[in-house]
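Before any comments, here is the structure.
Just so you know, all these numbers are worked out from the coordinates, no wet-lab data involved. Keep in mind the model is a prediction, meaning the values are calculated, not measured. Cβ placement follows ideal geometry from the backbone for every residue including glycine, while neighbour counts extend to all protein chains displayed.
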Amino acid sequence: MWLRTSCEIRFEVSVPTPFILMLRPRNGANQWVARESYMIKPSVPVFEFTDDYGNLCQRLIAPPGLFSVHTSADIQTSEHIDVCPGAPFEEVQNLPTSVLTYLLPTRYCESDRFVDLAQELVAGVRPGYDQVVAVNQWLRDNVRFNPDSPYFQMSAVEVNQAREGVCRELAHLGIALCRALCIPARMVVGYLYGLRPMDFHAWFEVYVGGRWYSFDPTQAEARGGRVIVAYGHDAADVAIFTQFGPALSPIHMAVTVEQLSGPPE
């Protein structure tokens, strides 16, 4: 399917402020960016680099006053996400070196604190993909997805206590539980067609059966129509913007995802 994504963010800047932005969709095996625009007002020098996860990042200094970023892209992506019941658990000693890092506890995913709970949730379940299915269903049944949650930037431990959160928080807990089972897990941030309310979205991927599979505890079904912007260990790695200096919140932010009838002309 073809999707057109767009994002507009505006800030009121008081002093020259360094930013790192992470707003460009990635090209990959299941995602092709056919057209892209990226506008910054006022125009300032921008340096682009690729971070350790392969994410496309932009460095700049925003001048005082109104500062805005507008992105748009036409992307071909899958209508479905791959599922593979029974995909086997990968023994740690056989994992690719690049995947090992996604077994470790991180700032927002304290997997070492969840070994007992994780084992309880998957008792009697075949190791691998089916264990992640059990974890994902437990999240859906026990942790409320609330886009208006008053809680903010919670770690997996805090989400488990609050039992509610936005998509990012549910992903943190899912990642921590999977890592506690020695299943590599990483966070994904991007767009989801049909998401309500529309916003940037977060989910997680796990490595079983020799590849990565997507899971999203905020959705009742395994839905496609996803556009990946960034991968990372947790939310600290995939912020769509990071500013350095006085704290800033956007004065305006709008995200849209629409389906196109075919390839852009």
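Given the alpha-carbon gyration tensor of segment 1-107, what are the semi-axes of its equivalent ellipsoid in whole angstrom, ordered largest first, with each equal to the square root of 5 times an eigenvalue? Numbers along the way, then the final one.
On the way: eigenvalues 238, 86, 25 Å².
Whole-Å semi-axes of the equivalent ellipsoid: 34, 21, 11.
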**Study point:** Farthest toward positive dipole pole in segment 1-143 [+1 Lys/Arg, -1 Asp/Glu at C-beta], among 89, 103, 73
**Key:** 73
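Taking other Cβ within 10 Å of each residue's Cβ, how do 260, 56, 177 sort, fewest first? Each step should come with its number before you reach the end.
Numbers: 260 14, 56 17, 177 30.
Neighbour counts put them in this order, fewest first: 260, 56, 177.
In segment 77-132, which GluC sites (Glu not before Pro) fall in coil by DSSP and have 13 or fewer other Cβ atoms within 10 Å?
Numbers: sites: 79, 90, 91, 110, 120; in loops: 79, 90, 91, 110.
When the GluC sites (Glu not before Pro) of segment 77-132 are filtered for loop state and at most 13 Cβ neighbours within 10 Å, 79, 91 remain.
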**Study point:** For segment 199-265 and segment 24-52, distance of Cα centres in Å
**Key:** 14
Review point. Taking the Cα atoms only, what angle lies between the long axis of helix 167-180 and the longest principal axis of the chain, rounded to 10 degrees?
Key: 40
Practice item. Could you size up the charge dipole of the chain around its Cα centre, putting +1 on the beta carbon of Lys and Arg and -1 on that of Asp and Glu, and report it in debye to the nearest 20? Key: 380
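What's the Cα-based Rg to Rh of segment 63-105, Rh via Kirkwood?
On the way: Rg = 20.2 Å, Rh = 16.0 Å.
Using only Cα positions, Rg/Rh for segment 63-105 is 1.26.
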Review point. So which GluC sites (Glu not before Pro) in segment 167-242 pass both tests, a DSSP loop state and at most 16 other Cβ atoms within 10 Å of the Cβ?
Key: 221
Review point. How big is the convex hull of the Cα atoms of segment 131-265, per residue, in Å³?
Key: 152
Check your understanding: Mind checking the angle between helix 129-142 and the chain's longest principal axis? C-alpha axes, 0 to 90 degrees, to the nearest 10.
Key -> 70
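In terms of the Cα gyration tensor, with a ≥ b ≥ c the square roots of its eigenvalues, is the chain rounded because a/c is under 1.5, prolate because a/b exceeds b/c, or oblate?
Numbers: a/c = 1.84, a/b = 1.52, b/c = 1.21.
Prolate.
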